[in-house]
Amino acid sequence: MRNDKGGVETRLEIQKLNELPPLSPVVNQFMRAVQDDDIGLGELAHIIEQDPALLARIIGLANSAYFGSPDRVTSAEDAIIKVLGLNTTKSIALSILLSGPFDASCCPSFNAERYWLSAVFCASLCQRLAPLIRSSDAPSPSEAYLGGMIYNLGLLALVHLYPDRMKGVFAALDENMQSQLLISLELEALGVNHLEVGGWLGRKWHLPEAVVVVMENRLQDNYQGEHRSLVGLVAFAAALAKQVVFQVGERPDVALLEPLGLKPGRAGEIIEQQIERIDELRELARIMVD
């Protein structure tokens, strides 16, 4: 049963997000950069270099085994030009910056490495599958990557705001890890769920509309609204990430991608390649946490 009183209290307390440390000028610059198709490499590198912690993570990611650069990367510009590319750099950096206001350390039941492993697994798979989508609203690879990186941002917010209550949620969830059960437990404990909170955050921070729609509707069966292809793609990739990362349940059937115009054979090959690189993705997740 949904706790309506708790829901009202939580909705009021969610407004405390306004009291979080304001997004830094670097984040605001990145918001504009993400939506600027004409931004230059040098300008993007300059934005990254204004935030030393962000710069360290970008360089660390570029030097990781997953990206396999033959040369050692030592600057933001090298990371963009030689390894990550402009759009992937935008998405990774924005994901790191948006998670900055949230402190999950007060909730020991929350596994930050698993959170980021699910995110990088989902994002990189979405990026590879996006070009295969044959529909009128097919997302770009960069849009798919960003959607995969921050689809679960609302969960970070709830862990930050309610570490004790979310500890109880995770304890009740145990090893089941069913998404719908998580939603039910959040509603019982808080009166809201992380999809709702993700949507509120996305609109408050003026994130791209397609990404906000993903955060709000990823678990809606047979979603047919705006950005249907992106929602379906991220939903599939997130479900697969959960199975691979937590080793519970069954893998989602690749046939679920057929309505998006993806051929199961080719999509299946990409999925297997992704799973084979899980240890390299785990390294990316550790860099994100550190």
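Read the figures in this text as sums done on the coordinates, not as results from a lab. Quick caveat: nothing in here was measured; it's all calculated off a predicted structure. Virtual Cβ from ideal backbone geometry, glycine too; neighbours counted across all protein chains shown.
Summarised as an ellipsoid, the stretch 47-180 has semi-axes of 28, 20, 13 Å, derived from the eigenvalues of the Cα gyration tensor scaled by 5 and square-rooted, with the largest first. What the phi angles of the stretch 267-272 give under the Karplus curve with 6.51, -1.76 and 1.60, with θ = phi - 60°, is a coupling list of 4, x, 4, 5, 4, 5 Hz, glycine and proline written as x. Taking the centroid of alpha carbons for each part, the stretch 198-276 and the stretch 55-93 are 25 Å apart. Sorting 199-207, 232-240 by average packing, meaning the other beta carbons within 10 Å per residue, from highest down gives 232-240, 199-207. Each Lys or Arg adds one and each Asp or Glu subtracts one; over the other residues with Cβ under 15 Å from the Cβ of LEU98, this totals +3. Compactness of the stretch 132-290 was expressed as the Cα radius of gyration divided by 2.2 N^0.38 Å, which yields 1.06. Here is how the number arises for the chain: DSSP H runs of 4 or more residues each give -39500 (n - 2.57), the sum is divided by the residue count, and the result at 222 nm is -19000 deg cm²/dmol.
Phi angles across the stretch 235-251 convert, under the Karplus curve 6.51 cos²θ - 1.76 cosθ + 1.60 with θ = phi - 60°, into 3J(HN,Hα) values of 4, 5, 5, 5, 5, 5, 4, 4, 5, 6, 6, 9, 6, 10, x, 10, 5 Hz, Gly and Pro given as x. Translational diffusion of the chain, estimated by Stokes-Einstein from the Kirkwood radius over alpha carbon pairs at 4 °C in a medium of 1.567 mPa s, is 67 µm² per second.
Charge tally for ARG286 (other residues, Cβ to Cβ under 13 Å; Lys, Arg +1; Asp, Glu -1): -2.
If r is the Cβ-Cβ distance from ARG134 to ASP37 and R0 is 25 Å, what FRET efficiency results, to the nearest 0.05?
E(calc), rounded to 0.05, equals 0.60.
Checked against a 28 Å cut-off, the cross-linked pairs LYS204/LYS263; LYS82/LYS204; LYS82/LYS242; LYS82/LYS263; LYS167/LYS242 give Cα-Cα distances beyond that limit for LYS204/LYS263; LYS82/LYS204; LYS82/LYS242; LYS82/LYS263.
In the stretch 241-290, one over the average inverse separation of all distinct C-alpha pairs is 12.4 Å, which is the Kirkwood hydrodynamic radius.
What does the extension gain come out to for GLU113 and ILE278, with contour length at 0.36 nm per residue minus their alpha carbon separation?
Difference between extended and current length: 58.1 nm.
For GluC sites (Glu not before Pro), the sites in the stretch 231-274 that DSSP calls loop and that have at most 11 other Cβ atoms within 10 Å are GLU250. Compared with the alpha-carbon gap, the fully stretched path from ARG286 to LEU86 is longer by 69.8 nm at 0.36 nm per residue.
Note: relative contact order over the chain, using C-alpha pairs below 8 Å and six or more positions apart, is 24 percent.
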